[in-house]
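Enquirer: Okay, here's the structure, questions in a sec.
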Number of protein chains: 2
Amino acid sequence: MQRIVVLAGGIGGARFLLGLKQTAPDAEITVIGNTGDDIHLFGLKVCPDLDTVMYTLGGGIHDEQGWGRSEETFTVKEELAAYGVGPSWFGLGDRDFATHIVRTQMISAGYPLSAVTEALCRRWQPGVRLLPMTDDRVETHVLVDDPEAEGGSGQRAVHFQEYWVRMRAEAPARAVVPIGADQAAPAPGVLEAIGAADVVLFPPSNPVVSVGTILAVPGVREAIADAGVPVVGLSPIVGGAPVRGMADRMLAAIGVETTAAAVALHYGSGLLDGWLVDSTDAEAVAEVEAAGVRCRAVPLMMSDADATARMAAQALELAAEVSG
Amino acid sequence: MQRIVVLAGGIGGARFLLGLKQTAPDAEITVIGNTGDDIHLFGLKVCPDLDTVMYTLGGGIHDEQGWGRSEETFTVKEELAAYGVGPSWFGLGDRDFATHIVRTQMISAGYPLSAVTEALCRRWQPGVRLLPMTDDRVETHVLVDDPEAEGGSGQRAVHFQEYWVRMRAEAPARAVVPIGADQAAPAPGVLEAIGAADVVLFPPSNPVVSVGTILAVPGVREAIADAGVPVVGLSPIVGGAPVRGMADRMLAAIGVETTAAAVALHYGSGLLDGWLVDSTDAEAVAEVEAAGVRCRAVPLMMSDADATARMAAQALELAAEVSG
């Protein structure tokens, strides 16, 4: 049985995993999920990326939206607003609230996030092993300009969710800091899964705040680089723009161009063995290969399940090719 | 302006307060609410009696039911059940959940329950000052027979809500213990309100687990007895049975007969100056008066707002009579 490890953020990672499951139904898939965008809201611990993966693979996702629950209602949120309690910019629905209530109760009782995630997955049966990257608290903050900032620095740090959801990433991000990452330990099973993997995949997730944050947990990048198995990624940038989301904002913050080739070079040949770019970015192939990363141009739009499954199949083919 | 202090449990106390507000619209009413039936559910702090008073006076109560919110939905509860997380016997609705989320968040942030209650009341504008009896944790437990009990005692203690809601008070209660009450301090404002009152009323609330628990907070009974103002109660027992609820179970546990007279004698003439019994219990008047408590027989069914307002008016009249 093929053992595949996938580093996943939210929507892009979750949809890719649907395709991967379709194309490799017998594979043993371990997902290492980003927790840098976790946030405490109303005293509850919310894990947007883990939940997006869990809901998507478990059949509970709001399909069009890509996040949150299907057939969702917003009674609790309306009531919180009636109490004057915010924030109102984060759209937690009633079904979603239940997940955060269960998670928070378990964490308060002393369970680590990895055990909580396993418990939640007993309901959702995602068909993969879903591990948080760490049980420790990591919170991605974004540095933005603020002429009014106290201390005269002219900048302030906002939680990634506030930047992404409330501010819609409109202000330029000057830096992205995964606070706590340097002190975090990989969650139980993370390094073991990488060590036992036959292939490691980077789905078309955000290279900075999703895959990048997972790689920032000490030991993870090294374990992948040292695993001696093919590491293949799919470009989230197509035609010089993010397929979805605002990855360009994040790439600019770390000084990386918004091109399919630049993202591959950012990961680097020390980590990455293969890279898929979209057919429209065929000119990137030579540049990526010159940097020592095998590269193919194939259709990379996850427009439906079959198209996504073909992308996953091509990633696995490229992995076989680089290892062969 | 007349200053009235009311010791209130849940439904009975809340409905009585509606009548009192109608009959004495200009009075300054302070409600000392029972918190002995508070319970932690799903990691959230639930205060059933305080909320019943707040929702009833604030226009948010489920009228027919007497507790919980009107136009309630149960999405969160269904989702918790889908996670296999209980208990399922306590019917928390989505609107109600929001109250408990706000309360729990504030308590986690360090606010005492009295400050939280004041904050919640800013939305509900109940038209009374609602104080929890204490900011300390008090939990009423009921001792029931259990042949399987560990240690061979043959009994076990269950939380009052579990006894009342899940077990429907069907097993005989051997004892009622307000755990923590002996160590609790009256909440800020409680003793001051009693000291400044012109009259103290005991609505037809449960004399054991509602009014009795409030009186068990050290200092409260003494403050009422020493206030030197009329203390008038209304019998929750009519024709030898509770008007609603299962007060007979609770009275049996403390060895008090389920009669209007026995409840008055249980409070005692050292505390109580006046007592209203229902017209059908006219024979109790002589017995209660013989014990030194002024007693009148009047209709005591809170069948509608006007009937309830008349009961409140008669309680105030009796207070005037005993003080005159």
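Enquirer: Please determine, by comparing only the residues of the range A:112-140 that are touching a residue at least 40 places away in the same chain (Cβ under 8 Å) and in a helix (DSSP H, G or I), which one is surrounded by the fewest Cβ atoms within 10 Å (Cβ to Cβ).
Expert: In the first step, residues of the range A:112-140 are kept if they are touching a residue at least 40 places away in the same chain (Cβ under 8 Å); the result is A:112-114, A:117, A:120-121, A:123-140.
Narrowing further to those that are in a helix (DSSP H, G or I): A:113-114, A:117, A:120-121, A:123-124.
Values: A:Leu113: 24, A:Ser114: 20, A:Thr117: 25, A:Leu120: 21, A:Cys121: 19, A:Arg123: 17, A:Trp124: 20.
Restricting to residues being touching a residue at least 40 places away in the same chain (Cβ under 8 Å) and in a helix (DSSP H, G or I), the top hit is A:Arg123.
Enquirer: State the number of residues belonging to the range B:30-46 that are surrounded by 24 or more Cβ atoms within 10 Å (Cβ to Cβ) and among the β-branched types (Val, Ile, Thr).
Expert: Residues that pass the stated criteria total 3.
Enquirer: Considering each residue of the range B:27-44, count those that are among the charged types (D, E, K, R) and farther than 15 Å from B:Phe160 by Cα, and give that number. Can you show your working first?
Expert: Initially, the range B:27-44 is screened for residues among the charged types (D, E, K, R), giving B:28, B:37-38.
Restricting the remaining residues to those that are farther than 15 Å from B:Phe160 by Cα gives B:28.
Adding up the residues that qualify gives 1.
Enquirer: If I ask for residues that are in a helix (DSSP H, G or I), within 18 Å of B:Trp89 (Cβ to Cβ) and within 14 Å of chain A (Cβ to nearest Cβ), which ones from the range B:37-64 would you list?
Expert: Passing the criteria: only B:Asp51.
Enquirer: Let me ask something else about it. Can you tell me which residues in the range B:158-177 are assigned to a strand (DSSP E or B) and either within 22 Å of B:Ala8 (Cβ to Cβ) or more than 21 Å from the chain's Cα centre (by Cα) (or both)?
Expert: First, pick out the residues of the range B:158-177 that are assigned to a strand (DSSP E or B): B:158-159, B:173-177.
Those that are assigned to a strand (DSSP E or B) and either within 22 Å of B:Ala8 (Cβ to Cβ) or more than 21 Å from the chain's Cα centre (by Cα) (or both): B:His159, B:Ala173, B:Val176, B:Val177.
Enquirer: Scanning the range B:65-98 for residues that are touching a residue at least 12 places away in the same chain (Cβ under 8 Å) and at the interface with another protein chain (Cβ under 7 Å from one of its Cβ atoms), which turns out surrounded by the most Cβ atoms within 10 Å (Cβ to Cβ)?
Expert: Per the stated criteria, the residue is B:Phe97.
Enquirer: Give the residues of the range A:1-36 that are part of a helix (DSSP H, G or I) and of a type outside the set (A, V, I, L, M), sorted by residue number.
Expert: Start the filter on the range A:1-36 by keeping residues that are part of a helix (DSSP H, G or I), which leaves A:11-23.
Within the range A:1-36, A:Gly12, A:Gly13, A:Arg15, A:Phe16, A:Gly19, A:Lys21, A:Gln22, A:Thr23 meet the criteria.
Enquirer: Give me a count of the residues in the range B:25-46 that are within 23 Å of A:Val102 (Cα to Cα) and over 18 Å from the mean Cα position of the chain (by Cα).
Expert: First, pick out the residues of the range B:25-46 that are within 23 Å of A:Val102 (Cα to Cα): B:37-46.
Next, from what is left, pick out any that are over 18 Å from the mean Cα position of the chain (by Cα): B:40-44.
Here the count works out to 5.
Enquirer: Follow-up. Could you check the range B:277-296 and list, in sequence order, the residues that are out of contact with any Gly (no Cβ under 7 Å at 6 or more places or on another chain) and of a type in the set (A, V, I, L, M)?
Expert: B:Val277, B:Ala282, B:Ala284, B:Val285, B:Ala286, B:Val288, B:Ala290, B:Ala291
Enquirer: Right, next: Condition check: of a type in the set (Gly, Ala, Ser), over 29 Å from A:Arg3 (Cβ atoms) and either under 20 Å from the mean Cα position of the chain (by Cα) or not in a loop (DSSP other than H, G, I, E, B) (or both). Does A:Ala319 satisfy that? Before you say what the answer is, go through the steps one by one.
Expert: Working: of a type in the set (Gly, Ala, Ser): yes; over 29 Å from A:Arg3 (Cβ atoms): no; either under 20 Å from the mean Cα position of the chain (by Cα) or not in a loop (DSSP other than H, G, I, E, B) (or both): yes.
Considered against the rule, which asks whether it is of a type in the set (Gly, Ala, Ser), over 29 Å from A:Arg3 (Cβ atoms) and either under 20 Å from the mean Cα position of the chain (by Cα) or not in a loop (DSSP other than H, G, I, E, B) (or both), A:Ala319 comes out as no.
Enquirer: Just checking, which of B:Ala149, B:Ala109 is within 14 Å of chain A (Cβ to nearest Cβ), surrounded by fewer than 20 Cβ atoms within 10 Å (Cβ to Cβ) and out of contact with any Asp or Glu (no Cβ under 6 Å at 6 or more places or on another chain)? Steps first, answer last, please.
Expert: On the way: B:Ala149 fails: within 14 Å of chain A (Cβ to nearest Cβ).
Just a single option satisfies the conditions, and that option is B:Ala109.
Each reported figure results from applying straightforward, stated rules to the coordinates on display, with no laboratory input. All values reported here derive from a predicted model rather than from experimental measurement. With ideal geometry, Cβ positions are generated from the backbone for all residues, glycine too; neighbour counts draw on all protein chains shown.
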